[in-house]
Amino acid sequence: MLYIALLRGLNVPGRSVKMEYLRELFTGMGFASVRSYIQTGNVFFESGEDDRDVLGEIIRTRLGEALGYQVAVCLRTVPELEAVVALDPFEDVTVTDDMRCCVVFTTERVDPALELPLMSPKKDIEIIRTAPYEAFVVWHLINGRAPNAKGFQERVLGHDATVRFFHTVGKILAAAQKG
């Protein structure tokens with residue numbers, strides 16, 4: 001099975017990780033056909049293990065040992081990313097220069113009772129749609145700066161989550177499909 005590991009907290013200030021080293025770590029965990037895409041912690045790998053909880057724990061533990069800090073690990077398959085892109089969740093959003101359309105990938109189910117749209121108190125994060133393990137979010141930049149996900153977004157969606165721009169999700173999917 002081909003998995004896509006969407007990792008949180010790599011190559012942010014103070015946490016620089018070379019993709020070559022990250023690929024070596026995944027290969028060392030026994031995974032096959034390991035590849036990475038861009039510097040934000042997107043790793044493609046094959047594994048015979050179909051229990052995501054087991055896979056996630058293996059990856060979290062090994063990365064934590066090797067890097068010295070915890071990394072959220074959101075695992076998806078190609079068909080799951082295809083479904084996310086096919087939803088076209090931002091089709092009705094008129095995007096301006098001070099907005100970013102994002103997908104928040106979670107490890108836990110998103111609360112299906114969440115009343116949407118849901119705007120943060122600072123009016124910088126708006127959750128417009130959800131799927132079982134994703135939230136589709138519009139970031140409203142304030143003075144050119146992206147919102148801090150450690151606040152509202154983490155409280156509502158959980159801290160074991162990672163964000164990718166929606167257009168980047170399409171690129172990650174295309175890279176995974178290339179094989």
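Scanning region 54-76 for residues that are among the charged types (D, E, K, R) and over 15 Å from the mean Cα position of the chain (by Cα) gives GLU57, ARG62, GLU65. Scanning region 38-53 for residues that are over 16 Å from the mean Cα position of the chain (by Cα) and either among the polar types (S, T, N, Q) or more than 24 Å from GLN177 (Cα to Cα) (or both) returns a single hit, SER47. Scanning region 87-107 for residues that are part of a strand (DSSP E or B) and out of contact with any Gly (no Cβ under 6 Å at 6 or more places or on another chain) turns up MET99, ARG100, CYS101, CYS102, VAL103, VAL104, PHE105. Tell me, which strands (runs of 3 or more DSSP E) wholly within region 108-179 include 2 or more residues that are out of contact with any Phe, Trp or Tyr (no Cβ under 7 Å at 6 or more places or on another chain), in contact (Cβ under 8 Å) with a residue 60 or more places away in the chain and surrounded by 14 or more Cβ atoms within 10 Å (Cβ to Cβ)? Filter on region 108-179 gives 161-165.
Here, each number is a calculation from the coordinates, and none is a lab measurement. Remember, predicted model here, so these are calculated numbers, not experimental data. Here Cβ is always computed from backbone atoms with ideal geometry, including for glycine, and neighbour counts include all displayed protein chains.
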